[in-house]
1. What distance in nm lies between label points placed 7 Å from Cα along the C-beta direction at residue 8 and residue 193?
2. Percent of Cα-Cα pairs more than 14 Å apart in the stretch 268-334, please.
3. Please sort 294-301, 126-133 by packing, taking for each peptide the average over its residues of neighbouring beta carbons within 10 angstrom, highest first.
4. Please arrange 518, 370 by how many other C-beta atoms lie within 10 Å of their C-beta, fewest to most.
5. What ranking do 213-220, 279-286 get when scored by the average of other Cβ atoms within 10 Å per residue, highest first?
6. Beyond a 19 Å Cα-Cα separation, which of these cross-linked pairs lie in this structure: 206/230; 424/519; 117/200; 114/200; 87/114?
7. Between residue 242 and residues 5 or more places away or on another chain, which pairs have amide H atoms under 5 Å apart, with H built 1.01 Å from N, and which residues are they?
8. Could you work out the relative contact order of the stretch 272-392? I mean the mean sequence separation of Cα pairs under 8 Å and 6+ apart, divided by the number of residues, in percent.
Amino acid sequence: MVSAVLFVIQLIVTVVVGLYFYSQLRQQKKTQPAHRKDSGHEYDKLQKMRALKLSEPLAERVRPATFKDIIGQEDGIKSLKAILCGKNPQHVLIYGPPGIGKTCAARLVLEAAKQSKDSPFAANAPFIEMDATCVRFDERSIADPLIGSVHDPIYQGAGPLGVQGIPQPKPGAVSKAHGGVLFLDEIGELHPIQMNKLLKVLEDRKVMLDSAYYSPDDMNVPRYIHDIFKNGLPADFRLVGATTRSPQDIPPALRSRCMEVFFRALEPDEVADIAFNAAQRAGFSMSQEDAQMVGRFATCGREAVNIVQMCAGLAQLEDRKEIHTRDVEWVVYSGHYAARPDQRADTENRIGVVHGLAIVGSHQGATMEIEAVAKPGTGILTITGIVEEEELGTEGRKIKRKSTARGSLENVMTLLNAMGYHTKDYDLHINFPGGTPVDGPSAGVAMAVVAASAMTGRPVDGHVAVTGEVSVRGLVKPVGGVPGKVEAAEHAGLTTVLIPAENRMERLEHTTIEVVPIKTLSEALERMLLPEEVVSSVQSAVLPQVPAAILAAEEQTAAPQS
């Protein structure tokens with residue numbers, strides 16, 4: 001009887017305990033699985049989003065995959081290889097306009113460096129790419145995607161280690177690029193605080209982190225975190241910074257740590273090649289003439305691809321695979337693209353017109369016509385064009401002042417007068433047309449030639465361009481940007497360029513254009529002013545005819561009053 005009672009009591013207790021645990025399990029299913037169900041639902045939603053893809057943009061399809069695909073940057077790529085593919089690669093800054101292949105070139109050069117003999121880059125060397133304009137950081141060092149940060153335990157989301165009061169280091173891009181290349185696009189836009197931090201990392205090749213919550217005596221801190229706070233995070237990489245800014249806009253402290261490479265702006269023919277290839281890759285046909293039209297309006301490869309992309313869209317609307325001229329014209333008109341100036345020079349021999357040379361934009365050479373008119377007078381000098389202001393000084397301290405173009409012209413007239421030209425008998429007007437900013441001294445020789453031509457009526461050789469500063473003693477002084485100027489004269493269809501003898505370089509002698517070093521102004525005048533016997537055949541075609549009424553009025557004004 002007693003055993004039966006005990007059995008019943010045990011059975012009742014077992015049932016009560018079972019019901020209790022059953023109710024607890026049901027309650028747990030009502031609370032915990034809710035977020036698990038939501039998590040699964042969100043995960044499925046994420047996978048569906050990833051499965052949904054649009055067609056690949058044309059810009060992605062035409063992205064250069066080999067060095068041959070990067071058009072017009074042979075010199076820049078060669079410089080990058082020399083800097084990064086050797087035994088001791090260096091940090092490098094790449095200057096150049098947008099859309100010309102700076103990023104692709106850097107990525108391809110790293111792959112080439114991995115194959116180079118004695119290269120320190122391993123086969124798995126990373127290429128970490130960041131845009132400096134998007135690098136945002138917290139001044140409290142909570143987050144810093146470039147340099148790295150420490151997640152202190154007081155902040156939300158500190159995790160299991162944070163609950164224990166342990167700060168957690170978070171590596172940034174400089175550590176992720178350890179052993180490889182960190183590519184910072186638009187590095188000139190980097191915040192000054194970040195720039196200073198980056199310079200410190202480049203110097204030390206590691207990132208030192210700190211936290212008020214770290215104690216070296218805390219036994220709960222994992223060994224690897226102790227090591228990070230003691231020795232820092234490794235950050236031995238090579239920086240490749242790309243910028244569309246000019247060198248003087250980049251901090252000198254960064255430039256002093258880097259080699260510098262210049263990518264040039266693309267010529268219209270090169271942009272046309274990019275457009276033609278892009279149309280083919282998109283599955284459309286385009287004539288060479290239409291591609292040339294794109295090259296006249298697009299300033300870089302990216303713009304050319306965008307124009308072709310829209311032209312292809314127009315063709316698809318009419319269910320055709322050919323891009324027509326009207327498509328290109330419509331895109332150019334609707335996109336408000338401005339035509340690039342024609343750099344082909346007029347090679348006609350003319351009086352009072354000389355081909356000068358200038359540097360514009362991203363160290364790109366350009367030809368410009370300098371024109372002059374002389375008439376009998378009292379030696380009045382007039383100079384017009386964009387020559388009113390120029391910069392002077394070092395990169396750390398620049399000042400703006402009135403242009404020295406007029407002062408250079410006065411030097412020229414003094415020199416010509418000493419050489420036997422009757423400068424006091426003429427009123428001279430020199431003009432720099434075309435809106436190209438002019439540095440007076442570098443146009444000194446050109447101004448002397450055009451002034452002598454205008455005063456003597458001797459035509460200037462239209463196949464020759466000249467650059468150089470001239471002193472009052474008649475010596476031709478060196479100027480900057482000569483390689484780019486020579487290229488510009490070559491592309492303009494000229495046959496000869498006169499440069500200062502001190503600017504002579506062996507590489508300039510291997511171009512298709514004749515480069516003649518000169519030491520004195522007399523050499524330039526002798527080479528550029530044509531003999532007097534050809535003046536009569538040219539003068540009538542070049543000099544404007546003054547109306548008879550104006551001549552009569554001038555004679556009446558000049559006549560002595562009775």
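1. Modelled inter-label distance: 7.9 nm.
2. 45 percent
3. The most tightly packed comes first, giving 294-301, 126-133.
4. Sorted ascending by nearby Cβ count, the order is 518, 370.
5. Highest mean packing first, the order is 279-286, 213-220.
6. Correct reply: 424/519; 117/200; 114/200.
7. 94, 184, 185, 186, 187
8. 18 percent
Read-outs: derived from the displayed coordinates by stated rules, not from any lab. Model, not experiment: these values are computed from the prediction. Neighbour counts are summed over all protein chains in view; Cβ atoms, including those assigned to glycine, are modelled from backbone coordinates with ideal geometry.
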